[in-house]
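Contents: one structure, followed by commentary.
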Amino acid sequence: MSEEIVDVLIIGSGHSGGMAAKILTEKGINCLMLNAGPVADPHKDAEVKPTYALPFRGFKQPGILPHVFQANEFNANTWVDEKEVPYTYDAEHPYNWVRVRLFGGRSLFWSRQSFRLSDYEFKGKSHDGYGDDWPIGLADLAPYYSRVEEIFRVTGVPYGLPQYPDGNFVPDDEPWTTSMLRYAAAGKAKGVPVCKARSALGVDGLASSVNLLLPDAVKTGRLKAIPNVVVRELSVDKNTGLVNEAHFVDRLSKREMSVKARVVVLAAGTLESTRLLLNSKLANSSGVMGHYLIDQVYGPGMVCAVPDARDGKGTREIMGGGGLIPRFRNIDTKAKDFVRGYALNLYSNMGGVSPHYFAAYGEELQQKLDSYYGATLSAGIMGEVLARYENHVSIDKVAVDAWDIPALRIQTRYTDNEFNMARDAVDTATALAEAAGYEVLVKNYEPNPPGYSIHELGTCRMGDDPKTSVLNKWNQSHDIKNLLVVDGAAFVSGGWQNPTMTILSLAMRAAEHLADQMRTGNV
């Protein structure tokens with residue numbers, strides 16, 4: 001590339017990179033965005049085929065994407081090929097790293113659950129003594145949450161619960177079905193709050209960087225973007241110690257290139273941003289980079305049947321919709337076997353049921369499938385995983401990707417705290433179902449492997465002390481002031497909440513602070 005020095009280089013185009021680009025360009029700052037994959041054009045790149053025309057009839061091809069449970073034959077080409085971009089782990093402790101390198105990243109596939117963290121997460125150590133507090137609290141981030149909620153059109157109901165902070169909502173006036181009302185009444189009788197969930201409406205059903213953030217940046221005329229380039233390494237000016245250049249490779253031609261920048265903002269996703277810094281051997285005077293990897297417990301839950309809806313009686317007045325049980329453990333009292341807490345996603349289902357729910361075959365099984373069609377209610381955990389130093393990533397000594405960039409090795413596992421929390425969640429969901437008069441069909445206490453939630457966080461945590469953290473409270477490297485990390489790597493703890501609203505709000509806050517610092521010449 002030319003010797004031109006860009007004002008800000010943004011690596012990554014998902015929610016955090018898109019937000020950084022929007023804020024910085026609107027502040028008059030020129031940005032260049034690099035993304036490791038192509039721009040997806042559904043009209044050009046997608047085609048409609050009947051299931052019978054596919055070699056594997058819609059199921060995932062064996063041996064392809066073994067850690068992406070969400071993949072099937074219809075969407076297999078949207079996920080990162082694990083042979084092209086491998087990672088390693090201990091065989092007894094697998095990790096599911098689910099990645100997307102399309103322009104817009106995983107924001108294109110976001111479930112749109114939209115929650116604020118509470119001070120039970122931001123100030124968790126002050127509440128229960130475990131781990132570390134964030135250097136910021138809810139009051140610091142609340143104004144940014146409100147602005148993000150407006151952009152993404154978050155719908156919700158205010159409940160006034162400190163562990164489930166209210167926000168700037170589009171009112172949710174949709175009435176609950178009777179199956180949900182009965183379950184909520186059972187919860188109230190047992191002191192368990194059953195609430196409506198909160199989600200981003202977005203525009204036309206999409207709440208991504210591509211449709212809600214990047215168009216605003218492009219409109220300013222100050223954003224340039226290059227797809228299909230994989231960043232290999234960052235380098236620093238030997239005289240100033242500041243990061244000044246990114247070296248990258250064309251994904252298709254493998255041509256090596258570089259670009260100079262006044263500021264670098266990493267937004268490649270928690271583990272890719274950390275991988276880049278570890279490969280660059282930068283910003284780790286604390287020694288904690290790569291450590292404290294966290295995600296959320298998914299998998300445990302239960303499914304029950306609503307008797308009134310069986311045998312074709314499940315009308316839209318009875319079935320449909322969903323809810324959320326926000327964290328209620330370890331708020332005013334202490335649970336016996338675990339710290340922190342979990343939430344439960346609730347879904348009242350009007351569709352078919354899995355044959356795995358029944359110990360039956362043939363005609364008897366078909367009769368049960370028919371009888372229970374449109375009559376089930378499910379509950380699934382979203383549980384906090386504790387931040388532990390030993391759960392970490394490092395650069396593998398052997399494995400490299402298709403461009404000879406060293407791969408990550410991921411070493412993490414769940415402990416009794418997570419397993420005990422999962423058991424309590426399933427038992428709670430089951431008790432409420434039985435109290436509501438529902439028939440429990442199946443329970444699962446076994447968590448999916450770490451990473452399944454696609455909410456990997458930590459590894460470049462923020463903090464006030466440069467000896468124990470990688471970033472300051474503005475997402476700025478303690479070591480290199482013109483280097484920022486604005487994705488989930490900055491998290492100190494993860495809570496039970498989908499992290500996207502927090503990532504977006506942190507990126508907005510960090511970008512505005514960076515713009516001020518650049519204007520005054522401090523960066």
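The values are calculated or read from the model by the stated rules, or taken from the named source; none is laboratory data. The structure presented is a predicted model; accordingly, all values stated were derived computationally and were not measured. Note that we place each Cβ from the backbone using ideal geometry, even for glycine, and neighbour counts take in every protein chain shown. Calculation scope for accessible area: heavy atoms of the full protein, side chains included, ligands and nucleic acids excluded. Shrake-Rupley method; radii C 1.70, N 1.55, O 1.52, S 1.80 Å.
Normalised by the number of residues in segment 273-367, what is the relative contact order in percent for Cα pairs under 8 Å and 6+ residues apart?
Details: 55 pairs, mean separation 17.9, N = 95.
It comes to 19 percent, rounded to a whole number.
Can you tell me, using C-alpha contacts under 8 Å and at least 6 residues apart, the relative contact order of segment 401-523 as a whole percent?
Working: 109 pairs, mean separation 20.1, N = 123.
Taking the mean separation of contacting Cα pairs over the length of segment 401-523, I get 16 percent.
With all protein chains present and a 1.4 Å probe, how do 152, 328 order by accessible area, largest first?
Working: 152 0, 328 35 Å².
Solvent-accessible surface, decreasing: 328, 152.
Ordering 155, 51 by accessible area with a probe of 1.4 Å, largest first, what comes out?
Details: 155 20, 51 65 Å².
In descending accessible area the options line up as 51, 155.
Go through 334-345, 243-254 and give me the packing order, highest mean Cβ count within 10 Å leading.
Values: 334-345: 19.6, 243-254: 17.3.
Peptide ranking by packing, descending: 334-345, 243-254.
Can you return the aspartates and glutamates within cross-link range of residue 219? Criterion is Cα-Cα under 12 Å, with same-chain partners fewer than 8 residues away left out.
The reachable aspartates and glutamates, counting only those whose Cα sits under 12 Å from residue 219, are 26.
Tell me the carbon and sulfur percent of the accessible area for segment 392-507, rounded to whole percent, probe radius 1.4 Å.
Numbers: 1760 of 3750 Å².
Carbon plus sulfur share of accessible area: 47 percent.
Tell me the angle of helix 15-26 to the major Cα principal axis of the chain, expressed in degrees between 0 and 90 and rounded to the nearest ten.
With both axes taken from Cα atoms, the answer is about 50 degrees.
Using a ≥ b ≥ c from the Cα gyration tensor of segment 366-420 (square roots of the eigenvalues), is it rounded, prolate or oblate, where a/c under 1.5 gives rounded and otherwise the larger of a/b and b/c decides, a/b for prolate? Write down the numbers at each step before the final one.
On the way: a/c = 4.89, a/b = 1.95, b/c = 2.51.
Since a/c reaches 1.5 but b/c is at least a/b, the shape of segment 366-420 is classed as oblate.
Can you give the accessible area of residue 7, probe radius 1.4 Å, in Å² rounded to 10?
The accessible area of residue 7 comes to roughly 50 Å².
Taking the square root of 5 times each eigenvalue of the Cα gyration tensor, what semi-axes in Å does the equivalent ellipsoid of segment 381-523 have, largest first? Present the calculation step by step, with values, prior to reporting the outcome.
Working: eigenvalues 272, 89, 35 Å².
Taking √(5λ) for each eigenvalue gives 37, 21, 13 Å, largest first.
Counting only heavy atoms of the protein chains, get the accessible area per residue of the chain (1.4 Å probe) and round it to a whole Å² value.
Values: 22140 Å² over 523 residues.
Accessible surface, normalised per residue, equals 42 Å².
When only Cα pairs under 8 Å and 6 or more residues apart are kept, what is the percent relative contact order across the chain? Numbers along the way, then the final one.
Working: 1217 pairs, mean separation 118.4, N = 523.
Reported as a whole number, the value is 23 percent.
Excluding residues fewer than 8 places away in the same chain, name every one of the aspartates and glutamates whose C-alpha is closer than 14 Å to that of residue 49.
Partners within reach: 73.
Using protein chains only and a probe of 1.4 angstrom, how many square angstrom of residue 92 are accessible, to the nearest 10?
Looks like 130 Å² after rounding.
May I ask you to list the aspartates and glutamates whose Cα is less than 12 Å away from that of residue 467, ignoring any residue fewer than eight positions away on the same chain?
479
Kindly sort 382, 257 by accessible area of their heavy atoms, largest first, with the probe set to 1.4 Å. Before the final figure, lay out each step's value.
On the way: 382 0, 257 35 Å².
The most accessible residue leads, giving 257, 382.
Is segment 1-142 best put as rounded, prolate or oblate by its Cα gyration tensor, with a ≥ b ≥ c the root eigenvalues, rounded for a/c under 1.5, and otherwise prolate when a/b is larger than b/c, oblate when not? Working shown, then result.
Details: a/c = 2.05, a/b = 1.29, b/c = 1.60.
It comes out oblate by the Cα gyration axes.
Quick check on the chain: helices-only [θ] at 222 nm, where DSSP H runs of length 4 and up contribute -39,500 (n - 2.57) each and the sum goes over total residues. Nearest 500, please. Mind dumping the intermediate values first?
Details: 12 runs with 125 residues, N = 523.
Computed ellipticity for the chain at 222 nm equals -7000 deg cm²/dmol.
When you take every Cα atom in segment 184-242, what is the radius of gyration, and what is Dmax, the widest Cα pair distance, in Å?
Taking only Cα atoms of segment 184-242, I get Rg and Dmax of 22.9, 67 Å.
Where does each of 473-486, 170-183, 429-442 land if you order them by average Cβ count within 10 Å, highest first?
Working: 473-486: 23.8, 170-183: 17.0, 429-442: 19.1.
Descending packing order for the listed peptides: 473-486, 429-442, 170-183.
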